[in-house]
Amino acid sequence: MNGPTALKLGTRRSKLAMAQSGMVAEQVRQLTGRPVELVEITTFGDVSREQLAQIGGTGVFVSALRDALLAGEIDFAVHSLKDLPTTPAEGLTLAAIPVREDPRDALVARDGLTFEELVAAAAALGRPARVGTGSPRRMAQLNAWARSLGGAVETVPIRGNVDTRIGFVTSGELDAVVLAAAGLSRLGRLGEATQLIPVEAVLPAPGQGALAVECAAGNPAGLALAAQLAELDDPFTRAAVTAERSLLAALEAGCSAPVGALADLVADGQISELRLRGVVGTTDGTQLVQMSITGATPESADDAAVLGRELAAEMLAKGAAGLMGEREL
């Protein structure tokens, strides 16, 4: 007797993507009672060796997965939400955004140093600390943070998987690298971080730490699966990342723009509100527009999106547009 047909889950081939997808696959197996088969798909972002800022950033890690969904080659896909363009994709639906991992950035530095110690140690040697990151957002805020400490960093553009990036530190080529804490956690390697960077110093990318589960919406099977997968959705995570991504969209900035954002609940006794913080800066960190807004706990994702648009309007009024370079139209 044949069992239920396997669901095909599309994923990027990297260790991190496979780990993330494997976690979701197990949840889907338990939810649906159907086996889940991982289908590895190579994206443009995986094969290009250019820096993300040069190849556009937006959608380079998701387009091939979305094409496979629309072609019916896979039943659903798992993405890192921060890689997902803010514009909805025609024919697809965001079925679930599971509970978010730690959204913060993590420092992996030589000799177990924190960022403050690293900057001070480099200054004592009469040089800036060499810190690897391919993210303009991180570059802007790390440079500003170092300056506030009375020191300096030289941000070095890097790409590659977690092993490659941490290898720059262990080889002595760089003093430190900055990675997403969520990725290290999902790989079981968070212990290699020498510091979880406080969001007061560096705001994460919009949606960082969250996953997106996407299905086709143009056929009954896809819609039925999306309805099942909605059980994996975490309403607070969805509201928070919707506010962050709404800010990014209203700034007309893409995934590789120097924009940081984080929404969190602020509880005061019986009343809780959603606070959204945003930052835009030049990559050298000399100019930052950093602002926050607080609103009632959203009843829906639409309410959260309004908060993001309101903060974007305030930041644009303070000159944010001029700090982002070329904006997406």
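The values are calculated or read from the model by the stated rules, or taken from the named source; none is laboratory data. Bear in mind the structure is a predicted one, so any value in this text is a computation, not a measurement. Positions of Cβ are generated from backbone atoms using ideal geometry, with glycine treated the same way; all protein chains shown enter the neighbour counts.
Just a few scattered comments:
- When the criteria are applied in full, Arg104 fails the requirement of being within 30 Å of Leu265 (Cα to Cα), charged (D, E, K, R) and modelled with pLDDT under 95.
- The range 177-207, subset touching an Asp or Glu at 6+ places or on another chain (Cβ under 8 Å) and assigned to a loop (DSSP other than H, G, I, E, B), residue surrounded by the most Cβ atoms within 10 Å (Cβ to Cβ): Pro206
- Taken together, the residues in the range 251-292 that are surrounded by 19 or more Cβ atoms within 10 Å (Cβ to Cβ), at pLDDT 90 or above and of a type in the set (A, V, I, L, M) amount to 10.
- Any hit, the range 227-247, residues being of a type in the set (D, E, K, R), part of a helix (DSSP H, G or I) and either in the same structural domain as Glu90 (by TED's automatic domain parsing) or surrounded by fewer than 23 Cβ atoms within 10 Å (Cβ to Cβ) (or both): yes
- Whichever residue in the range 66-99 is surrounded by fewer than 21 Cβ atoms within 10 Å (Cβ to Cβ) and of a type in the set (D, E, K, R) and, among such residues, is modelled with the highest pLDDT: Glu73
- Conditions (1) more than 30 Å from Val119 (Cβ to Cβ); (2) buried (at least 22 other Cβ atoms within 10 Å of the Cβ); (3) at pLDDT 90 or above; (4) hydrophobic (A, V, I, L, M, F, W, C); number of the one not met by Val62: (3)
- Cβ-Cβ contacts under 7 Å between residues 6 or more apart (or on different chains), taken from a first residue in the range 161-189 that is closer than 14 Å to Thr133 by Cβ and at pLDDT below 95 to a second residue that is in a loop (DSSP other than H, G, I, E, B) and not β-branched (Val, Ile, Thr), are listed as Val162/Leu187; Val162/Arg189.
- Taken across the range 107-121, residues that are in contact with a helix residue (DSSP H, G or I) (Cβ under 6 Å, 6 or more places away or on another chain), surrounded by fewer than 21 Cβ atoms within 10 Å (Cβ to Cβ), modelled with pLDDT of 95 or more and of a type outside the set (Lys, Arg) do not occur at all.
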